[in-house]
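Novice: For reference, the structure I am asking about is given below.
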Amino acid sequence: MKLIHTLSAFDVFGPEKTVLNECATLARNGWDTEVVNFWDTEDTPIAAKARARGVPYSCIVSRGKFDFAAIRALQKRILGNGRPLVHSHGYKADLYSLLAARMAGTPVVTTVHGWTSENFKVRMYEKLQAALWRFFDRVYCVSESYCEVARRSGVAAQKVILVPNGIMASYNSDPSPQSRARARRDLGLAEGEVAVAIVGRLGIEKGHRLFLFSAAEVLKRHPAARFLIVGEGVERAGIEALIAELGLQSCVQLLGHCDDMPALYPAIDVLAITSLREGLPNVLLEAMLHAIPAVATAVGGIPDVVRDEDDGLLVPPGNARSFTEALGRIVGDGELRRALGTRARGKILQYYLFDQRVANVAKLYRDVAGGRSP
């Protein structure tokens, strides 16, 4: 079966990682998969990373807010490949793919990965995207909360399908004590220091300010705590300024974007998620696979995965006091970290491995392509 994934991305983050992993896994099972990226240049990190994975990749150069030539180019690609199933990701890809697929007479589906809602312009794009969902053959959502968003946006309930993210079992390839010692040494972490990491794009919706204010409070009771910020984005300058304002330069490391998270996870003791909005973050699943417990805000698909006090700690979004209390508690209690982490790893191995997700998705694709009712 032929499948085209469409997106608009410069680099590989959570949704793009899921797409590349899915294409590689389906290809091993005989599928013909391809990624088509709408971007203004062909020279991008995602292009190199897709090809390194052996995933067929091409760029349709697209400029401006609406490029009909790019839509026609995708239509020609669809017709030239025998009208394959099209799967889009993100508001620009949704608009272009829906129009191209309908003109070509082929099925088209989309995945709702989550919204950032970071400014007025993005919120307008998100409203447009939600209006488009009604015209897709299926709308896959990574969390039950976004299933509800899709239904409230007018998508027929039978077309809305929950498809949580999954994680490759091989992602935890070296969980040995030696890998932990090596990773911590590379970061300059001393014996007895507790490493708390926040991983993701440096955007306002990720709540880095709350993370830093909590770090300052936790350090008063637990001076051996150390804080890692992994990621890049538009908020970097503000984050750097706040680190200096709070006097945290010696306790917080800004590590930038990391392409090799499996090498970094062994150094981490606690994952912090302070997001105001999320879909279902891959970093949460990856950390849990490494037996790293999370202190996380209960947004998006996070409560679908984490059971409070069983395999992680959940707090209300934006509540600095609750987050600080939960973070201080887990930083100061090694037994709690180990117990939560062990159960977190067990949950991922039982419910969230990628091969099972792909098997489920493959069946959904065949149903759409065969014209069967959802």
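The values are calculated or read from the model by the stated rules, or taken from the named source; none is laboratory data. This one's a predicted model, so the numbers in the text were calculated from it and none came from an experiment. Here Cβ is always computed from backbone atoms with ideal geometry, including for glycine, and neighbour counts include all displayed protein chains. Quick note on the areas: whole protein, heavy atoms, side chains included, nothing else; ligands and nucleic acids left out. Shrake-Rupley method; radii C 1.70, N 1.55, O 1.52, S 1.80 Å.
Novice: Dividing the Cα convex hull volume of the stretch 75-133 by residue count, how many Å³ per residue is that? Please report the intermediate quantities before stating the final value.
Specialist: Numbers: hull volume 4.1 nm³, N = 59.
Considering the Cα atoms of the stretch 75-133, their hull volume per residue is 69 Å³.
Novice: Let me ask something else about it. Trypsin sites (Lys or Arg not before Pro) within the stretch 134-219: which are DSSP loop residues with at most 14 other Cβ atoms inside 10 Å?
Specialist: Details: sites: ARG134, ARG138, ARG151, ARG152, LYS159, ARG180, ARG182, ARG184, ARG185, ARG201, LYS206, ARG209; in loops: ARG134, ARG201.
Passing both the DSSP loop test and the Cβ count: ARG134.
Novice: Could you give the angle, 0 to 90 degrees to the nearest 10, between helix 120-133's Cα long axis and the longest principal axis of the Cα atoms of the chain?
Specialist: Roughly 50 degrees between the two axes.
Novice: So what's the angle, to the nearest 10 degrees on a 0 to 90 scale, between helix 208-221 and the longest Cα principal axis of the chain?
Specialist: Roughly 20 degrees, rounded to the nearest 10.
Novice: Turning to a different aspect of this structure: What percentage of the solvent-accessible surface of the stretch 151-231, computed with a 1.4 Å probe over protein heavy atoms, is contributed by carbon and sulfur atoms? Write down the numbers at each step before the final one.
Specialist: Details: 2060 of 3770 Å².
About 55 percent, which is the carbon plus sulfur part of the accessible surface.
Novice: Just to be sure I understand, if you calculate Rg and Dmax of the Cα atoms in Å for this structure, which of (1) 21.6, 69; (2) 20.1, 62; (3) 21.0, 64 do you get?
Specialist: The value computed from this structure is option (3).
Novice: Which of MET168, ALA215, ALA157 sits closest to the plus end of the dipole of the stretch 138-224, meaning its Cα is farthest towards the positive end, when Lys and Arg get +1 and Asp and Glu get -1 on the C-beta?
Specialist: The residue sitting farthest along the positive end of the dipole is ALA157.
Novice: While we're on this one: Expected output is a single nm value to one decimal: the length gained when fully extending between ASP310 and GLU191, i.e. 0.36 nm times separation in residues minus the C-alpha distance. What is it? Write out the running numbers ahead of the final one.
Specialist: Values: separation 119, 0.36 × 119 = 42.84 nm, distance 2.71 nm.
Stretched out fully, the ASP310 to GLU191 stretch lengthens by 40.1 nm.
Novice: For n ≥ 4 DSSP H runs only, could you compute -39500 (n - 2.57) per run for the chain, divide by its residues and tell me the 222 nm figure to the nearest 500? Can you show the working numbers first?
Specialist: Working: 15 runs with 170 residues, N = 374.
Using -39500 (n - 2.57) per qualifying helix, the result is -14000 deg cm²/dmol.
Novice: Of all GluC sites (Glu not before Pro) in the stretch 1-106, which ones are in loop regions per DSSP and have a Cβ with at most 13 other Cβ atoms within 10 Å? Write out the running numbers ahead of the final one.
Specialist: Numbers: sites: GLU16, GLU22, GLU34, GLU42; in loops: GLU42.
Answer in residue order: GLU42.
Novice: Given a 1.4 angstrom probe, I'd like the percentage of the accessible area of the stretch 1-94 that is carbon and sulfur, rounded to a whole number.
Specialist: On the way: 2100 of 4040 Å².
About 52 percent, which is the carbon plus sulfur part of the accessible surface.
Novice: Going toward the positive end of the dipole of the stretch 1-144, with +1 on Lys and Arg Cβ and -1 on Asp and Glu Cβ, which of TYR125, MET103, PHE68 do you reach last?
Specialist: My answer, from the dipole projection, is MET103.
Novice: How large is the charge dipole for the stretch 256-316, taken about the Cα centre, if only the Cβ atoms of Lys, Arg (+1) and Asp, Glu (-1) carry charge, to the nearest 20 debye?
Specialist: Details: 2 positive and 10 negative charges, 33 e Å.
With only Lys, Arg, Asp and Glu charged at Cβ, the dipole is about 160 debye.
Novice: Highest first, please rank the peptides 281-289, 213-221 by the mean number of other Cβ atoms sitting within 10 Å of their residues.
Specialist: On the way: 281-289: 25.8, 213-221: 18.7.
Put in order of decreasing packing, that is 281-289, 213-221.
Novice: Would you please classify the overall shape of the stretch 177-264 from the alpha carbon gyration tensor, given that a ≥ b ≥ c denote the square roots of the eigenvalues, rounded means a/c under 1.5, and beyond that prolate means a/b larger than b/c while oblate covers the rest? Display every interim value, and only then the final one.
Specialist: Details: a/c = 2.21, a/b = 1.21, b/c = 1.83.
Taking the square roots of the gyration eigenvalues as a ≥ b ≥ c, the stretch 177-264 is oblate.
Novice: Measuring from a point 7 Å past the Cα of ALA241 along Cα-to-C-beta, which residues in the stretch 193-219 have an amide N at less than 18 Å?
Specialist: Counting backbone N atoms under 18 Å from the label point, the list is 202-213.
Novice: Let me ask something else. Could you sort the peptides 224-230, 190-196, 328-334 by per-residue average Cβ neighbour count (10 Å cutoff), highest mean leading? Walk me through the numbers before you get to the answer.
Specialist: Details: 224-230: 21.1, 190-196: 14.7, 328-334: 17.3.
The packing order, highest mean first, is 224-230, 328-334, 190-196.
Novice: With charges only on Cβ, +1 for K and R and -1 for D and E, what is the dipole size of the chain about its Cα centre, in debye, rounded to 20? Numbers along the way, then the final one.
Specialist: Values: 46 positive and 40 negative charges, 227 e Å.
Taking the Cα centre of the chain as origin, the dipole is about 1100 debye.
Novice: Can you tell me the convex hull volume per residue for the stretch 146-292, based on C-alpha atoms, in Å³ to the nearest whole number? Write down the numbers at each step before the final one.
Specialist: On the way: hull volume 19.1 nm³, N = 147.
Hull volume normalised by residue count: 130 Å³.
Novice: Taking the Cα centre of each part, how many Å lie between the stretch 150-195 and the stretch 248-282?
Specialist: A separation of 10 Å, based on Cα centres.
Novice: Going toward the positive end of the dipole of the chain, with +1 on Lys and Arg Cβ and -1 on Asp and Glu Cβ, which of VAL331, ALA50, ILE229 do you reach last?
Specialist: Result: ALA50, furthest along the dipole toward the positive end.
Novice: With an 8 Å Cα cut-off and a minimum separation of 6 or more residues, compute the relative contact order for the chain in percent.
Specialist: On the way: 682 pairs, mean separation 53.9, N = 374.
Computed value for the chain: 14 percent relative contact order.
Novice: Also, quick follow-up: What Kirkwood hydrodynamic radius do you get for the stretch 329-371 when you take the inverse of the mean 1/r over all pairs of distinct Cα atoms, in Å? Intermediate results must be reported in sequence, preceding the final value.
Specialist: Details: mean 1/r = 0.0776 Å⁻¹.
Every distinct Cα pair counted, the radius reaches 12.9 Å.
Novice: 5 Å is the cut-off here: which amide hydrogens, built 1.01 Å from N in the peptide plane, fall below it relative to THR44, excluding neighbours closer than 5 in sequence?
Specialist: Under 5 Å from the amide H of THR44 lies no amide H from a residue far enough along the sequence or on another chain.
Novice: If you don't mind, there's one more thing I want to ask. So which trypsin sites (Lys or Arg not before Pro) in the stretch 64-107 are both in a DSSP loop and have at most 11 other Cβ atoms within 10 Å of their Cβ? Let's see the in-between values first.
Specialist: Working: sites: LYS65, ARG72, LYS76, ARG77, LYS92, ARG102; in loops: LYS65.
Sparse-neighbourhood loop trypsin sites (Lys or Arg not before Pro): LYS65.
Novice: Against the longest principal axis of the chain, how steep is helix 177-187, in degrees 0 to 90 to the nearest 10, with axes from Cα atoms?
Specialist: It is inclined by approximately 90 degrees.
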